[in-house]
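The values are calculated or read from the model by the stated rules, or taken from the named source; none is laboratory data. Because the structure is predicted, anything quoted here is derived from the model rather than measured. Quick reminder, even Gly has a Cβ in these numbers, built from the backbone with ideal geometry, and neighbours come from all protein chains shown. For accessibility, only protein heavy atoms count, side chains too; no ligands or nucleic acids. Shrake-Rupley method; radii C 1.70, N 1.55, O 1.52, S 1.80 Å.
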Amino acid sequence: MGCAVMALALAACSGAEEAGPVSGSGSVQLQLNADAAFTRAVTISDYQNTGNYTVQILDGNGSPAVDEFLYSEWPGQINLANGSYTLKAFYGTESAASRDGFRVEGSQAFQVQGEPVTVEVTCRPTCGKVQVQFDAAMSEYFSDYYVTYTTEALDDAGETAVWARNDTEPWYLAVNQAGEEVKAVITAVRLSDGSRETVERTYTLQPNRSWTLSIAPEVNSGDLGISITVDETTNDHEVDIDVPSDWV
């Protein structure tokens, strides 16, 4: 299974290492690697191409960038005065809900003190992933069925994200860094009498995590309902990657 990992390494060292530490400044070298696999709706090569990533070097207060460039334009080395900095790298655009892309970013504080220093930054999605698996038997009992998601960002935009009966691609939902409660309202319209049934589920979704609903009809003694199974195994499985293995 694929994963998405973007790691950046930079070394701050003297312009002439054999001469010993340089007082007051240091040169910075940067190496960027990306190995990404995403959903079919996302262009994999765009995320794998490290040249697409924007790199920013901010001062210690996170003020406007001391330097900013696309990695494809990295000069190979830059000089920085001794002090505190933050390295930030990112690619993609964050939306309240999207099916064709998302934002990946990471940052790490570092210091230049005239001595060699290595900084590694891992970029992760700022969104969570949701998807629905409708059982094929749903169409035998319901004329329509869908799931409506709401989040804080969607509420602020006055929007919802709807998973229709024939959808196949995941939704990527912007959520708070600490995670937030996402609401899913499952709606099904009965074939027999056109009545509408709704069921609500909530889940605390964190960035870089996945929530899947499996929905099937349930018939007990002639009564028709829906059975809902929640898959959150990604949250329970510790993996040393940035995008869970089911984001493919």
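Data overview
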{"quantity": "Members of the range 59-72 that are open to solvent by less than 70 Å² (accessible area, probe 1.4 Å) and part of a strand (DSSP E or B)", "calculated": "Asp59, Asp67, Phe69, Leu70"}
{"quantity": "Index of the failed condition, Glu94 passing every other in (1) open to solvent by less than 80 Å² (accessible area, probe 1.4 Å); (2) within 30 Å of Lys183 (Cα to Cα)", "calculated": "(1)"}
{"quantity": "Of residues in the range 102-155 being free of Cβ contacts under 8 Å to residues at least 60 places away in the same chain and among the hydrophobic types (A, V, I, L, M, F, W, C), the one most open to solvent (accessible area, probe 1.4 Å)", "calculated": "Ala136"}
{"quantity": "Subset tally (residues that are closer than 23 Å to Gln206 by Cα, open to solvent by 30 Å² or more (accessible area, probe 1.4 Å) and aliphatic (A, V, I, L, M)) for the range 156-169", "calculated": "2"}
{"quantity": "Count of the range 73-91 residues which are modelled with pLDDT of 85 or more and either out of contact with any Phe, Trp or Tyr (no Cβ under 6 Å at 6 or more places or on another chain) or open to solvent by less than 30 Å² (accessible area, probe 1.4 Å) (or both)", "calculated": "11"}
{"quantity": "Failed criterion for Tyr85 (all others in (1) under 27 Å from Ala153 (Cα atoms); (2) touching a Leu at 6+ places or on another chain (Cβ under 9 Å); (3) among the aromatic types (Phe, Trp, Tyr) hold)", "calculated": "(1)"}
{"quantity": "Selection within the range 194-224 - modelled with pLDDT under 75 and surrounded by 14 or more Cβ atoms within 10 Å (Cβ to Cβ)", "calculated": "Leu224"}
{"quantity": "Criterion violated by Tyr172 - all others in (1) more than 21 Å from the chain's Cα centre (by Cα); (2) surrounded by 16 or more Cβ atoms within 10 Å (Cβ to Cβ) satisfied", "calculated": "(1)"}
{"quantity": "Pair list, Cβ under 9 Å, 6 or more apart: the range 57-74 residue basic (Lys, Arg), other residue open to solvent by less than 50 Å² (accessible area, probe 1.4 Å)", "calculated": "none"}
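Let's see how each residue does on (1) of a type in the set (D, E, K, R); (2) in contact with a Phe, Trp or Tyr (Cβ under 6 Å, 6 or more places away or on another chain); (3) closer than 23 Å to Glu105 by Cα:
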site: Glu152; (1), (2), (3): yes, no, yes
site: Asn176; (1), (2), (3): no, no, yes
site: Gly179; (1), (2), (3): no, no, yes
site: Val185; (1), (2), (3): no, no, no
site: Val199; (1), (2), (3): no, no, no
site: Asn208; (1), (2), (3): no, no, yes
